[in-house]
């Protein structure tokens, strides 16, 4: 039996939606029913390069443009990153700014609309935040939110796990949540009647039967895992270096109190010493008769 690929794997996600503009149209219309219905889109970045599969921090998004010129940035995120908000706003603003050529009027700018699907809880502070899973952000006044600076910059965020847990969404939006969270569960997927989601499920089955797609999806997942491991290692290394620096500075202060201002050779030895050596010197500082005796300098 073929193991179904996860539609939240961003390689699979991009293959699914960049490869089928009709699915992209359906996702936009279903998650933003407040906007005028989109009839068709042009996918602006349909290709996936080999470097993107293993590149550190690269997000395989789908960028699309409708007939009215409005541009959409659609992406899947499966884990929380500290810079997620800043990065999302940066790329969305760039999508807006790149529309104009030199000399064009600002009135020619069409909307840049982000639709970001998150497989983690982003807002978890207040009870109100924990009770909402679908968000829409625009440029609005803080005290009079009905006053806007237009609709040129918009970001829709759906927290998939929270939406699934709360069960508040209805209709097509709910069906998309069930697709992304329960694609492997036949009993749940068989109850979905929304045709675009059924089509997406069929595409997942087709992709899953493709050995090359299986390999590339796995490569993308391993790339993400290795990226996480490198970040964790860097974090541990940073903590260890911080501990060494703290110990080195404390020892230097003790040495100055005991033996007076440190000569250059002593500072050099402190700067190059490993943590075990620093620990040894710290333990022997009271019993050493001189700086040379403690640090081992002869002559």
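The values are calculated or read from the model by the stated rules, or taken from the named source; none is laboratory data. Note that this is a predicted model, so its numbers are computed, not measured. Cβ placement follows ideal geometry from the backbone for every residue including glycine, while neighbour counts extend to all protein chains displayed.
Total residues in region 276-287 satisfying the condition of being at pLDDT below 80 and either farther than 16 Å from residue 250 by Cβ or exposed (fewer than 13 other Cβ atoms within 10 Å of the Cβ) (or both): the figure is 3.
Among the residues of region 121-167, those that are surrounded by 15 or more Cβ atoms within 10 Å (Cβ to Cβ) and farther than 24 Å from residue 86 by Cα comprise 164, 166. For region 198-213, the condition holds for at least one residue, the condition being that it is modelled with pLDDT under 90 and in contact with a helix residue (DSSP H, G or I) (Cβ under 7 Å, 6 or more places away or on another chain). For region 218-240, the criterion of being modelled with pLDDT of 80 or more and buried (at least 16 other Cβ atoms within 10 Å of the Cβ) is met by none of the residues. When restricted to residues that are surrounded by 19 or more Cβ atoms within 10 Å (Cβ to Cβ) and free of Cβ contacts under 8 Å to residues at least 40 places away in the same chain, region 176-191 contains 2.
Every residue, every condition in (1) over 20 Å from residue 59 (Cα atoms); (2) outside the structural domain of residue 85 (by TED's automatic domain parsing); (3) assigned to a helix (DSSP H, G or I), yes or no:
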| residue | (1), (2), (3) |
| --- | --- |
| 154 | no, no, no |
| 168 | yes, no, no |
| 172 | yes, no, yes |
| 215 | no, yes, yes |
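Just one of the numbered conditions (1) farther than 26 Å from residue 200 by Cα; (2) part of a loop (DSSP other than H, G, I, E, B); (3) at pLDDT 85 or above is not true of residue 94; which one? It fails just one condition, (2). Applying the condition of being in contact with a helix residue (DSSP H, G or I) (Cβ under 9 Å, 6 or more places away or on another chain) and part of a loop (DSSP other than H, G, I, E, B) to region 67-82 and asking which residue is nearest to residue 43 (Cα to Cα) yields 69. Scanning region 249-276 for residues that are more than 15 Å from residue 292 (Cβ to Cβ), under 47 Å from the mean Cα position of the chain (by Cα) and part of a helix (DSSP H, G or I) returns 249, 250, 251, 252, 253, 254, 271, 272, 275, 276.
Condition (residue is closer than 23 Å to residue 19 by Cα and modelled with pLDDT under 85) applied to region 62-71: is it met by at least one residue? Let's see the steps before the verdict.
Kept after step one, since they are closer than 23 Å to residue 19 by Cα, are these residues of region 62-71: 62-71.
Applying the additional criterion that residues be modelled with pLDDT under 85 yields none.
No, region 62-71 contains no residue that is closer than 23 Å to residue 19 by Cα and modelled with pLDDT under 85.
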